[in-house]
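Working notes, beginning with the structure itself.
A short reminder: the numbers here are calculations on the coordinates, not readings from a lab. Computed from a predicted structure; not experimentally measured. A quick note on method: Cβ atoms are made from the backbone with ideal geometry, for glycine too, and the neighbour counts reach across all protein chains shown.
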Amino acid sequence: MKAKLLGFGRLQIDGEKFEKDVVIEGGRIRPRKKGPSKAHRDRFGHTPLSVAEQIPWSGKRLLIGTGAYGQLPIMDEVYEEARRRGIEIFAVPTEEACRMIERGSGDELAAILHVTC
């Protein structure tokens with residue numbers, strides 16, 4: 001899978017461009033539906049990643065692209081749920097996450113990529 005952060009708010013995966021956050025699971029790409037996490041926005045100053053979202057828990061590792069500047073807040077409950085499930089989280093700025101995606105196997109990949117901040 002080829003992935004690249006083109007710039008703030010712009011991502012390209014396998015030739016397709018995205019201007020919103022995405023979730024990758026089992027070689028498929030879908031929009032991140034962050035609505036369930038918006039209730040926590042005031043606490044973080046930005047909509048965080050919370051377990052209320054549809055997180056791709058299907059693999060042994062979850063890659064989280066934390067944005068162009070690495071500012072996506074990840075709630076502690078996400079890390080706790082990952083530990084409970086035996087899943088290792090890699091939270092890195094989205095540009096670095098894209099490089100990791102290119103080195104990995106697309107069918108086994110579980111990722112959430114934030115395209116701004």
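Projecting the alpha carbon convex hull of the chain along each direction and taking the average yields 6.2 nm². 3J(HN,Hα) couplings calculated from phi for region 43-60 with the Karplus curve 6.51 cos²θ - 1.76 cosθ + 1.60 (θ = phi - 60°) are, in sequence order, 5, 10, x, 6, 5, x, 8, 10, 6, 5, 7, 7, 7, x, 8, 6, x, 8 Hz; Gly and Pro show x.
Modelled label positions at Arg84 and Ala39, each set 7 Å beyond Cα in the direction of Cβ, lie 1.5 nm from each other.
Partners of Lys4 within straight-line reach, counting lysines whose Cα lies under 17 Å from its Cα and excluding those fewer than 8 residues away in the same chain: Lys17, Lys20.
In order along region 70-79, the phi-based Karplus estimate (6.51 cos²θ - 1.76 cosθ + 1.60, θ = phi - 60°) of 3J(HN,Hα) comes to x, 9, 5, x, 10, 5, 3, 4, 5, 5 Hz; Gly and Pro are listed as x.
Which FRET efficiency value, to the nearest 0.05, is calculated for Ser58 and Leu6 with the Förster distance at 25 angstrom and r the Cβ-Cβ distance?
0.40
Here each label is just a point 7 Å from Cα along the line to Cβ, and for Met100 and Asp14 those points are 2.0 nm apart.
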